[in-house]
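Visitor: I have a structure here, written as C-alpha coordinates, and I will follow up with some questions on it.
The values are calculated or read from the model by the stated rules, or taken from the named source; none is laboratory data. If you're wondering where the values come from, they're calculated on a predicted model, not measured in any experiment. Reconstructed Cβ throughout: ideal geometry from the backbone, glycine too, with neighbour counts over all protein chains shown.
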Amino acid sequence: METEVPSKLLTTLSHAADIVRGHDFIQVYSHYDADGVSAASIIAQTLLREGKEFRVTLFTTLNDFNMDIIRSTKTDCIIITDLGASYIEQLDAMKNDIVVLDHHTIIAEAKRICYANPHLYGIDGMTSGCGATMALLFAVTMNEKNWDLVQIAFAGIAGDRQHINGLSGLNVHLLEEGKKRGYIEEMPGSLIPSGHLKTQLFLTTDPYIRGISGNEEGVTKLLEDAGIDQSKTYMDLTDEEKRKLSSLIAIRLTQQGMLECSLNEIARTRYYLTGFKMDAEYLSSVLNSCGRSGLGGMGVSAGMGDAKAIEMGAKLMNESNHDVVMNMVDLDSKGLNQMAHLQWFDSSDSGFTGMLCGISMQCIGDPDKPTIGMNRSKEPVNISSRGMWVQLDKGIDLAAAMREACASVGGEGGGHRIAAGGSVPGEMVDEFLKNLDAILERQLSSSK
Ligand SMILES: [Mn+2]
(Lines give C-alpha, C1' and ligand atoms only; values in the text may rest on other atoms or scores of the structure.)
Protein backbone atom coordinates (compact mmCIF):
# COMPACT_ATOMS: atom_id res chain seq x y z
CA MET A 1 0.00 0.00 0.00
CA GLU A 2 1.46 3.34 -1.04
CA THR A 3 0.60 6.13 1.31
CA GLU A 4 0.91 9.70 0.22
CA VAL A 5 1.67 12.96 1.88
CA PRO A 6 -1.13 15.49 1.19
CA SER A 7 -0.06 17.99 -1.47
CA LYS A 8 -1.07 20.93 0.72
CA LEU A 9 1.39 19.68 3.34
CA LEU A 10 4.14 19.31 0.71
CA THR A 11 3.56 22.91 -0.36
CA THR A 12 3.83 24.14 3.22
CA LEU A 13 7.01 22.10 3.75
CA SER A 14 8.74 23.51 0.64
CA HIS A 15 7.78 26.98 1.80
CA ALA A 16 9.36 26.13 5.17
CA ALA A 17 12.52 24.89 3.43
CA ASP A 18 12.77 28.13 1.43
CA ILE A 19 12.44 30.20 4.59
CA VAL A 20 15.18 28.26 6.38
CA ARG A 21 17.54 28.37 3.35
CA GLY A 22 17.40 32.15 3.50
CA HIS A 23 19.00 32.32 6.97
CA ASP A 24 22.44 31.54 8.40
CA PHE A 25 21.37 31.15 12.03
CA ILE A 26 18.23 29.43 13.25
CA GLN A 27 16.81 29.20 16.76
CA VAL A 28 15.02 25.88 17.40
CA TYR A 29 12.47 25.41 20.19
CA SER A 30 11.05 21.99 21.00
CA HIS A 31 9.30 19.95 23.68
CA TYR A 32 11.40 18.10 26.29
CA ASP A 33 9.79 14.67 25.89
CA ALA A 34 10.98 11.86 23.60
CA ASP A 35 9.00 13.15 20.61
CA GLY A 36 10.22 16.71 21.12
CA VAL A 37 13.86 15.68 21.55
CA SER A 38 13.59 13.46 18.45
CA ALA A 39 12.11 16.32 16.42
CA ALA A 40 14.83 18.70 17.64
CA SER A 41 17.55 16.15 16.78
CA ILE A 42 16.19 15.75 13.26
CA ILE A 43 16.12 19.53 12.74
CA ALA A 44 19.60 19.96 14.27
CA GLN A 45 21.11 17.30 12.00
CA THR A 46 19.37 18.80 8.97
CA LEU A 47 20.66 22.30 9.74
CA LEU A 48 24.16 21.00 10.43
CA ARG A 49 24.21 19.29 7.02
CA GLU A 50 23.05 22.54 5.39
CA GLY A 51 25.98 24.35 6.98
CA LYS A 52 23.66 26.47 9.14
CA GLU A 53 24.38 27.64 12.65
CA PHE A 54 21.67 27.00 15.20
CA ARG A 55 20.74 26.76 18.85
CA VAL A 56 18.22 24.33 20.36
CA THR A 57 16.12 25.18 23.44
CA LEU A 58 13.71 22.66 25.02
CA PHE A 59 10.60 23.67 26.96
CA THR A 60 8.60 21.48 29.35
CA THR A 61 5.53 23.19 27.90
CA LEU A 62 4.68 26.25 25.84
CA ASN A 63 3.04 28.76 28.17
CA ASP A 64 2.95 32.57 28.47
CA PHE A 65 6.29 32.60 30.26
CA ASN A 66 8.07 30.62 27.53
CA MET A 67 6.23 32.57 24.85
CA ASP A 68 7.93 35.69 26.28
CA ILE A 69 11.29 33.93 25.87
CA ILE A 70 10.46 33.22 22.22
CA ARG A 71 9.36 36.82 21.71
CA SER A 72 12.59 38.18 23.14
CA THR A 73 14.89 36.13 20.89
CA LYS A 74 17.18 38.24 18.71
CA THR A 75 17.14 35.61 15.95
CA ASP A 76 15.46 36.32 12.59
CA CYS A 77 14.49 32.69 11.95
CA ILE A 78 12.77 30.32 14.39
CA ILE A 79 11.70 26.68 14.03
CA ILE A 80 9.31 25.31 16.66
CA THR A 81 8.68 21.55 16.80
CA ASP A 82 6.23 19.44 18.83
CA LEU A 83 4.89 22.69 20.32
CA GLY A 84 3.24 25.83 19.04
CA ALA A 85 -0.30 24.79 18.08
CA SER A 86 -1.76 26.61 21.07
CA TYR A 87 0.16 29.86 20.36
CA ILE A 88 -0.26 30.30 16.59
CA GLU A 89 -1.95 33.71 16.89
CA GLN A 90 0.78 35.07 19.17
CA LEU A 91 3.50 33.72 16.85
CA ASP A 92 1.70 35.22 13.86
CA ALA A 93 1.92 38.61 15.55
CA MET A 94 5.75 38.47 15.71
CA LYS A 95 8.03 39.89 13.01
CA ASN A 96 10.46 36.92 12.68
CA ASP A 97 10.41 34.21 10.03
CA ILE A 98 8.78 31.30 11.87
CA VAL A 99 8.20 27.65 10.98
CA VAL A 100 5.96 25.59 13.30
CA LEU A 101 5.95 21.78 12.92
CA ASP A 102 3.45 20.51 15.47
CA HIS A 103 0.75 17.85 15.84
CA HIS A 104 -1.29 19.06 18.81
CA THR A 105 -4.92 20.11 18.62
CA ILE A 106 -5.51 23.05 16.31
CA ILE A 107 -6.70 26.28 17.90
CA ALA A 108 -6.10 28.64 14.97
CA GLU A 109 -4.77 28.57 11.42
CA ALA A 110 -1.72 30.69 10.68
CA LYS A 111 -2.08 33.87 8.64
CA ARG A 112 1.57 34.83 8.25
CA ILE A 113 3.91 32.19 9.67
CA CYS A 114 4.59 28.79 8.08
CA TYR A 115 2.62 26.17 10.00
CA ALA A 116 2.40 22.43 9.33
CA ASN A 117 0.18 20.19 11.48
CA PRO A 118 -1.44 16.85 10.43
CA HIS A 119 -4.82 18.13 11.69
CA LEU A 120 -4.72 20.86 9.00
CA TYR A 121 -4.90 18.15 6.31
CA GLY A 122 -7.53 15.91 7.91
CA ILE A 123 -4.97 13.60 9.54
CA ASP A 124 -5.27 12.79 13.26
CA GLY A 125 -2.21 14.22 14.99
CA MET A 126 -2.89 12.19 18.12
CA THR A 127 -2.44 8.83 16.37
CA SER A 128 -1.10 9.30 12.83
CA GLY A 129 1.75 11.79 12.87
CA CYS A 130 3.77 13.30 15.73
CA GLY A 131 6.25 16.18 16.11
CA ALA A 132 9.14 14.02 14.90
CA THR A 133 7.07 12.86 11.89
CA MET A 134 6.59 16.49 10.86
CA ALA A 135 10.26 17.31 11.48
CA LEU A 136 11.32 14.37 9.30
CA LEU A 137 9.00 15.40 6.45
CA PHE A 138 10.56 18.86 6.65
CA ALA A 139 14.09 17.36 6.68
CA VAL A 140 13.52 15.29 3.53
CA THR A 141 11.98 18.30 1.83
CA MET A 142 15.22 20.16 2.54
CA ASN A 143 17.21 17.25 1.13
CA GLU A 144 16.27 13.72 0.07
CA LYS A 145 19.53 12.53 1.69
CA ASN A 146 18.00 13.17 5.10
CA TRP A 147 15.89 9.99 4.90
CA ASP A 148 18.35 8.29 7.28
CA LEU A 149 16.87 10.54 9.99
CA VAL A 150 13.64 8.52 9.77
CA GLN A 151 15.23 6.35 12.45
CA ILE A 152 15.08 9.23 14.93
CA ALA A 153 11.51 9.96 13.83
CA PHE A 154 10.60 6.45 14.95
CA ALA A 155 11.89 7.20 18.44
CA GLY A 156 9.44 10.12 18.44
CA ILE A 157 6.58 7.98 17.15
CA ALA A 158 7.30 5.42 19.90
CA GLY A 159 7.60 8.20 22.49
CA ASP A 160 4.12 9.48 21.71
CA ARG A 161 2.87 5.86 21.61
CA GLN A 162 1.58 6.25 18.04
CA HIS A 163 2.75 2.69 17.26
CA ILE A 164 0.77 0.89 19.96
CA ASN A 165 -2.22 -0.14 17.86
CA GLY A 166 -0.40 -0.25 14.55
CA LEU A 167 0.95 2.68 12.53
CA SER A 168 -1.40 4.91 10.57
CA GLY A 169 -1.45 8.03 8.39
CA LEU A 170 1.84 9.85 7.85
CA ASN A 171 3.71 7.32 9.99
CA VAL A 172 2.93 4.57 7.46
CA HIS A 173 4.61 6.69 4.79
CA LEU A 174 7.69 6.99 7.01
CA LEU A 175 7.76 3.25 7.61
CA GLU A 176 7.48 2.40 3.90
CA GLU A 177 10.25 4.80 2.92
CA GLY A 178 12.39 3.80 5.90
CA LYS A 179 12.09 0.10 5.07
CA LYS A 180 12.67 0.65 1.36
CA ARG A 181 15.88 2.50 2.13
CA GLY A 182 17.08 -0.05 4.69
CA TYR A 183 16.93 2.21 7.76
CA ILE A 184 14.08 0.45 9.52
CA GLU A 185 13.26 -3.21 9.98
CA GLU A 186 9.91 -4.34 11.29
CA MET A 187 10.29 -7.09 13.87
CA PRO A 188 7.52 -9.22 15.35
CA GLY A 189 6.57 -8.17 18.87
CA SER A 190 7.52 -10.16 21.95
CA LEU A 191 6.93 -10.31 25.68
CA ILE A 192 10.72 -10.45 26.09
CA PRO A 193 12.34 -7.06 26.68
CA SER A 194 14.92 -6.00 24.11
CA GLY A 195 18.54 -5.42 25.05
CA HIS A 196 20.73 -7.36 27.51
CA LEU A 197 18.33 -9.92 28.97
CA LYS A 198 19.69 -10.14 32.49
CA THR A 199 19.62 -6.35 32.88
CA GLN A 200 16.36 -5.67 31.09
CA LEU A 201 14.36 -8.55 32.64
CA PHE A 202 15.34 -7.13 36.04
CA LEU A 203 14.29 -3.61 35.01
CA THR A 204 11.12 -4.41 33.06
CA THR A 205 7.83 -2.87 34.10
CA ASP A 206 6.33 -3.17 30.61
CA PRO A 207 5.32 -5.76 31.63
CA TYR A 208 6.00 -5.99 35.37
CA ILE A 209 6.63 -9.72 35.91
CA ARG A 210 6.10 -10.82 39.50
CA GLY A 211 9.15 -12.60 40.89
CA ILE A 212 11.30 -11.50 37.93
CA SER A 213 11.11 -7.70 37.71
CA GLY A 214 13.36 -6.24 40.40
CA ASN A 215 14.42 -9.75 41.49
CA GLU A 216 17.94 -10.82 40.53
CA GLU A 217 17.56 -14.46 41.60
CA GLY A 218 14.26 -14.65 39.77
CA VAL A 219 15.88 -13.45 36.54
CA THR A 220 18.77 -15.93 36.84
CA LYS A 221 16.35 -18.80 37.50
CA LEU A 222 14.07 -17.82 34.60
CA LEU A 223 16.96 -17.80 32.12
CA GLU A 224 18.16 -21.16 33.51
CA ASP A 225 14.68 -22.65 33.15
CA ALA A 226 14.57 -21.44 29.55
CA GLY A 227 18.03 -22.89 28.92
CA ILE A 228 19.42 -19.49 27.93
CA ASP A 229 22.94 -18.28 28.60
CA GLN A 230 22.95 -15.46 31.18
CA SER A 231 25.01 -13.16 28.96
CA LYS A 232 22.66 -13.11 25.97
CA THR A 233 20.78 -10.17 24.50
CA TYR A 234 17.36 -10.40 22.84
CA MET A 235 18.99 -10.20 19.41
CA ASP A 236 21.21 -13.24 20.23
CA LEU A 237 18.23 -15.52 20.89
CA THR A 238 17.34 -18.35 18.54
CA ASP A 239 13.68 -18.73 17.59
CA GLU A 240 13.45 -21.72 19.90
CA GLU A 241 14.91 -19.75 22.83
CA LYS A 242 12.52 -16.88 22.17
CA ARG A 243 9.57 -19.28 22.15
CA LYS A 244 10.65 -20.93 25.39
CA LEU A 245 11.34 -17.68 27.25
CA SER A 246 8.22 -15.87 26.07
CA SER A 247 5.97 -18.77 27.01
CA LEU A 248 7.51 -18.88 30.51
CA ILE A 249 6.84 -15.14 30.80
CA ALA A 250 3.28 -15.51 29.43
CA ILE A 251 2.50 -18.17 32.05
CA ARG A 252 3.65 -15.88 34.84
CA LEU A 253 1.73 -12.87 33.50
CA THR A 254 -1.44 -14.92 33.14
CA GLN A 255 -1.01 -16.25 36.69
CA GLN A 256 -0.73 -12.72 38.03
CA GLY A 257 -4.06 -11.92 36.36
CA MET A 258 -3.08 -10.08 33.20
CA LEU A 259 -5.63 -10.07 30.39
CA GLU A 260 -4.85 -11.40 26.94
CA CYS A 261 -5.44 -7.94 25.42
CA SER A 262 -2.69 -6.55 27.69
CA LEU A 263 -0.32 -9.33 26.64
CA ASN A 264 -1.01 -8.50 23.00
CA GLU A 265 -0.40 -4.81 23.62
CA ILE A 266 2.97 -5.57 25.18
CA ALA A 267 3.92 -7.90 22.33
CA ARG A 268 3.54 -5.04 19.83
CA THR A 269 5.59 -4.80 16.64
CA ARG A 270 9.12 -3.50 17.16
CA TYR A 271 10.95 -1.15 14.83
CA TYR A 272 14.65 -1.86 14.60
CA LEU A 273 16.82 1.12 13.65
CA THR A 274 19.63 -0.28 11.54
CA GLY A 275 22.06 2.64 11.99
CA PHE A 276 21.53 2.93 15.75
CA LYS A 277 21.46 -0.87 16.14
CA MET A 278 18.62 -0.63 18.67
CA ASP A 279 14.88 -0.64 18.66
CA ALA A 280 12.85 2.55 18.41
CA GLU A 281 11.34 2.20 21.88
CA TYR A 282 14.79 1.88 23.42
CA LEU A 283 16.10 5.04 21.71
CA SER A 284 12.86 6.76 22.64
CA SER A 285 13.29 6.04 26.30
CA VAL A 286 16.95 7.13 26.23
CA LEU A 287 15.90 10.48 24.73
CA ASN A 288 13.03 10.76 27.19
CA SER A 289 15.40 10.22 30.14
CA CYS A 290 17.74 12.96 28.88
CA GLY A 291 14.90 15.44 28.30
CA ARG A 292 13.25 14.81 31.63
CA SER A 293 16.55 15.04 33.54
CA GLY A 294 17.01 18.54 32.15
CA LEU A 295 19.83 17.33 29.89
CA GLY A 296 18.26 18.37 26.60
CA GLY A 297 21.64 19.03 24.95
CA MET A 298 22.72 15.49 25.70
CA GLY A 299 19.37 14.23 24.39
CA VAL A 300 19.78 16.07 21.10
CA SER A 301 23.37 14.77 20.77
CA ALA A 302 22.07 11.25 21.44
CA GLY A 303 19.36 11.71 18.82
CA MET A 304 22.02 12.91 16.38
CA GLY A 305 23.77 9.59 16.97
CA ASP A 306 26.58 10.55 19.37
CA ALA A 307 27.65 7.25 20.97
CA LYS A 308 28.85 8.81 24.25
CA ALA A 309 25.56 10.72 24.68
CA ILE A 310 23.55 7.56 23.96
CA GLU A 311 25.59 5.67 26.55
CA MET A 312 25.08 8.35 29.20
CA GLY A 313 21.37 8.61 28.35
CA ALA A 314 21.01 4.84 28.67
CA LYS A 315 22.61 5.02 32.11
CA LEU A 316 20.08 7.66 33.20
CA MET A 317 17.29 5.53 31.78
CA ASN A 318 18.43 2.42 33.67
CA GLU A 319 18.70 4.40 36.91
CA SER A 320 15.18 5.73 36.67
CA ASN A 321 13.81 2.35 35.53
CA HIS A 322 15.55 0.86 38.57
CA ASP A 323 13.70 3.26 40.88
CA VAL A 324 10.38 2.50 39.19
CA VAL A 325 10.79 -1.28 39.33
CA MET A 326 11.85 -1.30 43.00
CA ASN A 327 8.80 0.81 43.85
CA MET A 328 6.63 -1.62 41.90
CA VAL A 329 8.10 -4.57 43.85
CA ASP A 330 7.30 -2.73 47.07
CA LEU A 331 3.75 -1.92 45.93
CA ASP A 332 3.21 -5.49 44.73
CA SER A 333 4.29 -6.91 48.10
CA LYS A 334 1.85 -4.61 49.94
CA GLY A 335 -0.92 -5.18 47.40
CA LEU A 336 -3.63 -2.78 46.28
CA ASN A 337 -6.34 -1.78 48.74
CA GLN A 338 -9.66 -3.12 47.49
CA MET A 339 -13.01 -1.36 47.58
CA ALA A 340 -16.20 -2.53 45.87
CA HIS A 341 -15.58 -0.78 42.53
CA LEU A 342 -12.00 0.47 42.70
CA GLN A 343 -8.56 -0.44 44.01
CA TRP A 344 -6.07 2.09 45.38
CA PHE A 345 -2.55 2.59 46.66
CA ASP A 346 -0.51 5.32 48.32
CA SER A 347 2.88 6.13 46.77
CA SER A 348 3.67 9.23 48.82
CA ASP A 349 7.20 7.99 49.52
CA SER A 350 8.25 7.41 45.93
CA GLY A 351 6.36 9.73 43.62
CA PHE A 352 6.01 8.03 40.19
CA THR A 353 2.31 7.86 41.07
CA GLY A 354 0.97 8.03 37.51
CA MET A 355 3.49 5.53 36.22
CA LEU A 356 2.91 3.04 39.06
CA CYS A 357 -0.82 3.44 38.57
CA GLY A 358 -0.59 2.46 34.89
CA ILE A 359 1.70 -0.51 35.54
CA SER A 360 -0.45 -1.77 38.45
CA MET A 361 -3.64 -1.51 36.42
CA GLN A 362 -2.20 -3.49 33.55
CA CYS A 363 -0.05 -6.01 35.40
CA ILE A 364 -1.14 -6.78 38.97
CA GLY A 365 -4.54 -5.21 39.55
CA ASP A 366 -8.05 -6.63 39.26
CA PRO A 367 -8.79 -5.84 35.58
CA ASP A 368 -12.46 -5.20 36.42
CA LYS A 369 -11.79 -2.19 38.66
CA PRO A 370 -10.09 1.15 37.97
CA THR A 371 -6.81 1.70 39.87
CA ILE A 372 -6.29 4.87 41.89
CA GLY A 373 -2.87 6.07 43.03
CA MET A 374 -2.25 8.92 45.42
CA ASN A 375 0.69 11.00 46.51
CA ARG A 376 0.06 12.62 49.90
CA SER A 377 3.50 14.18 50.24
CA LYS A 378 2.16 17.61 49.31
CA GLU A 379 -1.04 19.51 49.84
CA PRO A 380 -3.35 19.11 47.95
CA VAL A 381 -3.02 15.36 47.50
CA ASN A 382 -2.25 14.37 43.92
CA ILE A 383 -4.46 11.60 42.48
CA SER A 384 -3.96 9.41 39.38
CA SER A 385 -6.43 6.95 37.95
CA ARG A 386 -6.20 4.32 35.20
CA GLY A 387 -8.79 2.04 33.66
CA MET A 388 -8.90 -0.72 31.05
CA TRP A 389 -10.87 -0.88 27.78
CA VAL A 390 -12.97 -3.69 29.26
CA GLN A 391 -14.08 -1.28 32.01
CA LEU A 392 -14.93 1.46 29.53
CA ASP A 393 -17.07 -1.03 27.64
CA LYS A 394 -19.04 -1.56 30.87
CA GLY A 395 -19.73 2.16 31.29
CA ILE A 396 -16.72 3.45 33.25
CA ASP A 397 -15.66 7.01 32.40
CA LEU A 398 -12.77 8.11 34.62
CA ALA A 399 -12.74 11.68 33.27
CA ALA A 400 -16.30 12.22 34.48
CA ALA A 401 -15.87 10.14 37.66
CA MET A 402 -12.70 11.95 38.74
CA ARG A 403 -14.18 15.37 37.93
CA GLU A 404 -17.24 14.68 40.07
CA ALA A 405 -15.49 12.85 42.92
CA CYS A 406 -12.75 15.47 43.29
CA ALA A 407 -15.26 18.32 43.12
CA SER A 408 -17.42 16.61 45.77
CA VAL A 409 -14.65 17.17 48.36
CA GLY A 410 -13.52 20.59 47.16
CA GLY A 411 -10.82 19.46 44.73
CA GLU A 412 -10.62 19.25 40.96
CA GLY A 413 -10.05 16.51 38.42
CA GLY A 414 -10.46 15.45 34.82
CA GLY A 415 -8.66 13.91 31.84
CA HIS A 416 -9.48 11.01 29.56
CA ARG A 417 -12.03 8.24 29.98
CA ILE A 418 -9.25 5.67 30.45
CA ALA A 419 -6.78 7.81 32.43
CA ALA A 420 -7.60 10.81 34.57
CA GLY A 421 -6.04 12.80 37.39
CA GLY A 422 -6.95 15.30 40.03
CA SER A 423 -6.19 16.78 43.41
CA VAL A 424 -8.08 16.81 46.71
CA PRO A 425 -7.46 18.28 50.20
CA GLY A 426 -5.50 15.85 52.39
CA GLU A 427 -8.15 15.49 55.10
CA MET A 428 -10.77 14.59 52.46
CA VAL A 429 -9.05 11.53 50.95
CA ASP A 430 -11.27 8.91 52.63
CA GLU A 431 -14.38 10.82 51.68
CA PHE A 432 -13.09 11.16 48.11
CA LEU A 433 -12.51 7.39 47.76
CA LYS A 434 -15.97 6.66 49.15
CA ASN A 435 -17.61 9.10 46.73
CA LEU A 436 -15.59 7.86 43.75
CA ASP A 437 -16.57 4.27 44.54
CA ALA A 438 -20.25 5.30 44.55
CA ILE A 439 -19.90 7.23 41.28
CA LEU A 440 -18.27 4.22 39.59
CA GLU A 441 -21.09 1.99 40.85
CA ARG A 442 -23.61 4.42 39.37
CA GLN A 443 -21.76 4.48 35.99
CA LEU A 444 -21.77 0.67 35.88
CA SER A 445 -25.44 0.28 36.78
CA SER A 446 -26.71 3.05 34.49
CA SER A 447 -25.06 1.46 31.45
CA LYS A 448 -26.60 -1.97 32.07
MN1 LIG B 1 4.55 15.04 20.52
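Visitor: Tell me the residue from 355, 374 that is out of contact with any Pro (no Cβ under 9 Å at 6 or more places or on another chain), in a strand (DSSP E or B) and within 20 Å of residue 323 (Cα to Cα), please. Walk me through it before giving the result.
Guide: Details: 355 fails: in a strand (DSSP E or B).
Result of the check over 355, 374: 374.
Every residue, every condition in (1) polar (S, T, N, Q); (2) without any contact (Cβ under 8 Å) to a residue 60 or more places away in the chain; (3) in the same structural domain as residue 214 (by TED's automatic domain parsing); (4) within 29 Å of residue 285 (Cβ to Cβ), yes or no:
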position: 354; (1), (2), (3), (4): no, no, no, yes
position: 359; (1), (2), (3), (4): no, no, no, yes
position: 374; (1), (2), (3), (4): no, yes, no, yes
position: 386; (1), (2), (3), (4): no, yes, no, yes
position: 410; (1), (2), (3), (4): no, yes, no, no
position: 418; (1), (2), (3), (4): no, yes, no, yes
position: 429; (1), (2), (3), (4): no, yes, no, no
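Visitor: While we're looking at this one, here's another question. Need the failing condition index for residue 239 against (1) under 28 Å from residue 259 (Cβ atoms); (2) surrounded by 13 or more Cβ atoms within 10 Å (Cβ to Cβ); (3) over 27 Å from the mean Cα position of the chain (by Cα), just the number.
Guide: Looking at each condition in turn, residue 239 falls short on (2).
Visitor: Still on this structure, please answer the following. For residue 161, work out the one condition from (1) surrounded by fewer than 20 Cβ atoms within 10 Å (Cβ to Cβ); (2) away from the ligand (no atom under 14 Å from the Cβ); (3) of a type outside the set (A, V, I, L, M, F, W, C); (4) under 17 Å from the mean Cα position of the chain (by Cα) it doesn't fulfil.
Guide: Result: residue 161 fails condition (2) only.
Each row is one residue, and each column tells you yes or no for (1) among the β-branched types (Val, Ile, Thr); (2) touching a residue at least 12 places away in the same chain (Cβ under 8 Å); (3) surrounded by fewer than 19 Cβ atoms within 10 Å (Cβ to Cβ).
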residue: 74; (1), (2), (3): no, no, yes
residue: 78; (1), (2), (3): yes, yes, no
residue: 96; (1), (2), (3): no, yes, yes
residue: 119; (1), (2), (3): no, yes, yes
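Visitor: Suppose the filter is in contact (Cβ under 8 Å) with a residue 40 or more places away in the chain, within 16 Å of the ligand (Cβ to nearest atom) and at negative phi; does residue 29 pass it?
Guide: Details: in contact (Cβ under 8 Å) with a residue 40 or more places away in the chain: yes; within 16 Å of the ligand (Cβ to nearest atom): yes; at negative phi: yes.
Yes; evaluated as a whole, the condition is true for this residue.
Visitor: Out of (1) away from the ligand (no atom under 16 Å from the Cβ); (2) touching a residue at least 24 places away in the same chain (Cβ under 8 Å); (3) assigned by TED's automatic domain parsing to the domain that holds residue 56, the odd one out for residue 189 is which?
Guide: (3) is the only condition that residue 189 fails.
Visitor: Still on this structure, I have one more. For residue 275, are the conditions met, namely being of a type outside the set (D, E, K, R), outside the structural domain of residue 48 (by TED's automatic domain parsing) and surrounded by fewer than 21 Cβ atoms within 10 Å (Cβ to Cβ)?
Guide: Working: of a type outside the set (D, E, K, R): yes; outside the structural domain of residue 48 (by TED's automatic domain parsing): yes; surrounded by fewer than 21 Cβ atoms within 10 Å (Cβ to Cβ): yes.
Criteria met by residue 275.
Visitor: Kindly indicate whether any position in the range 405-417 is assigned to a loop (DSSP other than H, G, I, E, B), among the hydrophobic types (A, V, I, L, M, F, W, C), over 16 Å from residue 392 (Cβ atoms) and out of contact with any Leu (no Cβ under 9 Å at 6 or more places or on another chain).
Guide: Residues of the range 405-417 that are assigned to a loop (DSSP other than H, G, I, E, B), as a first pass: 409-411, 416-417.
Checking the rest, the ones that are also among the hydrophobic types (A, V, I, L, M, F, W, C) come to 409.
The next check asks that each one be over 16 Å from residue 392 (Cβ atoms); those that pass are 409.
Among the residues that remain, those that are also out of contact with any Leu (no Cβ under 9 Å at 6 or more places or on another chain) are: 409.
Looking through the range 405-417, at least one residue is assigned to a loop (DSSP other than H, G, I, E, B), among the hydrophobic types (A, V, I, L, M, F, W, C), over 16 Å from residue 392 (Cβ atoms) and out of contact with any Leu (no Cβ under 9 Å at 6 or more places or on another chain).
Visitor: Just to be sure, is residue 83 part of a loop (DSSP other than H, G, I, E, B) and either assigned by TED's automatic domain parsing to the domain that holds residue 160 or within 14 Å of the ligand (Cβ to nearest atom) (or both)? Write out each step before concluding.
Guide: On the way: part of a loop (DSSP other than H, G, I, E, B): yes; either assigned by TED's automatic domain parsing to the domain that holds residue 160 or within 14 Å of the ligand (Cβ to nearest atom) (or both): yes.
Answer is yes for this residue.
Visitor: Take the residues of the range 97-120 that are in a helix (DSSP H, G or I) and at pLDDT 95 or above: which is nearest to the ligand (Cβ to nearest atom)?
Guide: Quick first cut of the range 97-120, residues in a helix (DSSP H, G or I) only: 118-120.
Remaining after also requiring at pLDDT 95 or above: 118, 120.
On the way: 118: 11, 120: 16 Å.
Looking at the filtered set, the residue picked out is 118.
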